[in-house]
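Engineer: Quick one: the structure is below, questions incoming.
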């Protein structure tokens, strides 16, 4: 085990950085804490920006490339801020066959964004998932944590509108 003298300087005086640093400290500031520390950053800030990735690399003493690799490999992590509302469309085999591409096309036409993007006003992010585990409900989507099954393009647009403009 390597001796570690002091913690790296926090990126700012935002108290959330102390929570991130505490996660790393709880795990001995060792490289094996990478995923958990990234989860803490994501929970605290909503996404992982370059500043956060550099801080995690520094506090855990791992190359920035390793931190970036983990952040981009795992679907849970995002490098951009999410919108106020999130719509995740399942693109697994059953959902794909039963109309997931039509759902995504309808959202793109109405809101001008593709999967992985957020509307310019920050109201809506659209994501895809390889499988939601709801194959019997195909096509399925999740809108702000609510599972929507056997949903048609016009229905998903209406649900998005209700979420954005209640």
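Engineer: State the label only: which of (1) 9, 40, 38, 11, 1, 0; (2) 10, 27, 18, 11, 11, 10, 8, 3, 1; (3) 10, 33, 25, 20, 10, 2 corresponds to P(r) over Cα pairs in 10 Å bins from 0, in percent computed from the shown model?
Structural biologist: Identified label for the calculated read-out: (3).
Engineer: Give the angle, between 0 and 90 degrees and rounded to the nearest 10, that separates the Cα long axis of helix 64-73 from the longest principal axis of the Cα atoms of the chain.
Structural biologist: 20 degrees
Engineer: Within 10 Å of each residue's Cβ, count the other Cβ atoms and sort 107, 113 from fewest upward. Working shown, then result.
Structural biologist: On the way: 107 22, 113 18.
Lowest to highest Cβ neighbour count: 113, 107.
Engineer: Return the single residue from 115, 139, 63 with maximal mean-square fluctuation; model: Gaussian network over the chain, springs between Cα atoms under 10 Å.
Structural biologist: Largest GNM mean-square fluctuation: 63.
Every number in this text was worked out from the coordinates using simple rules, so none of it is lab data. Fair warning: this is a prediction, and the values are worked out from it, not measured in the lab. Every residue, glycine as well, gets a Cβ built from its backbone with ideal geometry; the counts of neighbours run over all protein chains shown.
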